[in-house]
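The values are calculated or read from the model by the stated rules, or taken from the named source; none is laboratory data. Every value quoted in this text rests on a predicted model; they were computed, and no experiment measured them. So basically every Cβ, Gly included, is an ideal-geometry build from the backbone, and we count neighbours across all protein chains shown. Accessible surface is based on the protein model in full, side chains and every heavy atom, while ligands, DNA and RNA are left aside. Shrake-Rupley method; radii C 1.70, N 1.55, O 1.52, S 1.80 Å.
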Amino acid sequence: MSYHPSTQAVAGRARAGGERATRSPGFEALARAGFAARAAIYAIIGILAVELALGVGGRTTNQKGALQLIAAQAFGQVLLTLVAIALAGYALWRFSHALLGHGPESRDSTFDRAAALGSGVVYAMICAIAVEILLGSGGGSSGNTQKTTAGVLGWPAGPWIVGIAGVVLVGVGLYQGYRAISHDFLKDSKTEEMTPAIHRWIKWIGTIGHLARMVVFGLIGVFLMAAAVDYNPHKAVGVDGALAKLAHQAYGPVLLGVVAVGLIAFALYSLSDARYRRI
């Protein structure tokens, strides 16, 4: 008599296998490398924006511009290849978090899993951009955002889709603000392994970094909503466009400088994640 395992049993074994894979030293090392890659990207964006705010050069750029700058350095192809691999590892870790949660007895909420899925998608796309650059493709930044928005606006219910995307990004920005003010981000870290001085340092850079991300994501969301309401894709902006909008306001250099320093703080926080994040 043949034995046919139940679907539940098969799913249970598959889950157990996935959990063993995600707890392996190699997978953990790849995920931590992803935090270092995220740090490099935010550091480049922030440093260029600080230089622009100080009037000593610099420019506003986004994730793609940061990757292109890495590629332009000595041994840039090698560096960018390592960054792409690290970003792929980070994306896979976020996808595993969305699917499996944290550990075999995970009690992650639906919101936690959805946030992990969204983060995984974003960093998988950034990884794809890195691969695209390695293969010799170019491209702009805000121009791409406007082109994509224009395409979506042409779909049935396109303005609604763009508007909802804007609302979601504003929500993401507000969530970043909540994490900053409540210091919720510390729950993700191995605080028991930190000295009091390191704990205070990570608390400060994490707070400042998440507040800066709140401003950037919030601005991107607001301008996406404006593009949907006015049916005008030229109002949509990416990270670089959001920073440029700050620079063009009253006291623009000051505003841009503050947010840029915050992005550098988030880069430093990402480096701390490479060491202390619970994987």
Kindly indicate whether residue 220 is touching a residue at least 24 places away in the same chain (Cβ under 8 Å), within 14 Å of residue 273 (Cα to Cα) and under 21 Å from the mean Cα position of the chain (by Cα). no
Pull up the stretch 56-81, narrow it to residues that are touching a residue at least 40 places away in the same chain (Cβ under 8 Å) and of a type in the set (A, V, I, L, M), then point me to the one that is surrounded by the most Cβ atoms within 10 Å (Cβ to Cβ). 67
Tell me which residues, restricted to the stretch 153-176, are more than 19 Å from residue 64 (Cβ to Cβ), in a helix (DSSP H, G or I) and either in contact with a Cys (Cβ under 7 Å, 6 or more places away or on another chain) or hydrophobic (A, V, I, L, M, F, W, C) (or both). 153, 160, 161, 162, 164, 167, 168, 170, 172, 174
Regarding the stretch 46-63, can at least one residue be identified that is assigned to a helix (DSSP H, G or I), within 18 Å of residue 123 (Cβ to Cβ) and aliphatic (A, V, I, L, M)? no
Is there a residue being closer than 26 Å to residue 270 by Cβ and either open to solvent by 50 Å² or more (accessible area, probe 1.4 Å) or within 19 Å of the chain's Cα centre (by Cα) (or both) anywhere in the stretch 225-235? no
